[in-house]
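Taking it in order: structure first as structure tokens, then the write-up.
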């Protein structure tokens, strides 16, 4: 028996990086995966790869759209993965549009997703909610300011959910990785591939599959076991500011 057989799993931000790796792994373990993201063509390609996958063209920043798409459904697992970073500079020269995009996606998008899906879990007395945080929600680094603030918010929301839904049978997990080689830096630096690649040069980063494997571990524990917080670092990374790179 595959470990996620019969489970209906929603993954937001499913078309790249950790979201895509998680969707693939869950589908491989027998889950019926609902892929949610904004990029229609990528959704279609991934759905063709994963037998039985469903697609939702969804922008988590839009509260009404999220509610309409998700509130009437029952999910066994929600992986709230959608998120991004913009810029890497001092707060005093930051761009308000970048701040809005990060807060609307990383914080409010998570709120919209959980608000739409959690009530059905509570009504049934079971389910798993996985929030994608970051070590940036535990340690601030230079230039990280608003992005770090959004990930600190994810951690606070995780802790709040545990209290608000205590004793109701739903498990909550926050997964906080260090450096993972994905499109994150390419998005952060608005397509500057050379600058983005420097983030990952000279060390063995985590892969999206490493993070997906940690998520699967949490989801496949016995019902009475809640793996609440998972922090993953590359072995070459000691903190958000200390990384051992090859010369």
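Structural remarks
- Number of positions in the stretch 185-205 that are assigned to a helix (DSSP H, G or I) and out of contact with any helix residue (DSSP H, G or I) (no Cβ under 9 Å at 6 or more places or on another chain): 1
- Test: residue in the stretch 209-229 that is farther than 30 Å from residue 165 by Cα, within 20 Å of the chain's Cα centre (by Cα) and modelled with pLDDT of 95 or more: no
- Annotation: of all residues in the stretch 228-242 being touching a strand residue (DSSP E or B) at 6+ places or on another chain (Cβ under 7 Å) and assigned to a loop (DSSP other than H, G, I, E, B), the one that is nearest to residue 20 (Cα to Cα) is 234.
- When 54, 41, 49 are screened for being out of contact with any strand residue (DSSP E or B) (no Cβ under 9 Å at 6 or more places or on another chain) and free of Cβ contacts under 8 Å to residues at least 24 places away in the same chain, only 41 passes.
- Members of the stretch 155-188 that are in contact (Cβ under 8 Å) with a residue 12 or more places away in the chain and over 21 Å from residue 132 (Cα atoms): 168
- Test: residue 162 is over 17 Å from residue 241 (Cα atoms), at pLDDT 95 or above and either under 13 Å from the mean Cα position of the chain (by Cα) or surrounded by fewer than 18 Cβ atoms within 10 Å (Cβ to Cβ) (or both): yes
- Which numbered condition residue 225 fails, given (1) in contact (Cβ under 8 Å) with a residue 40 or more places away in the chain; (2) in contact with a strand residue (DSSP E or B) (Cβ under 9 Å, 6 or more places away or on another chain); (3) within 23 Å of residue 118 (Cα to Cα): (1)
- Scanning the stretch 115-139 for residues that are surrounded by 20 or more Cβ atoms within 10 Å (Cβ to Cβ) and touching a residue at least 60 places away in the same chain (Cβ under 8 Å) yields 117, 128, 130, 132, 136.
- Just one of the listed residues (182, 150) is over 23 Å from residue 125 (Cα atoms) and part of a loop (DSSP other than H, G, I, E, B), namely 182.
The values are calculated or read from the model by the stated rules, or taken from the named source; none is laboratory data. None of these values were measured; they are calculated from a predicted model. A quick note on method: Cβ atoms are made from the backbone with ideal geometry, for glycine too, and the neighbour counts reach across all protein chains shown.
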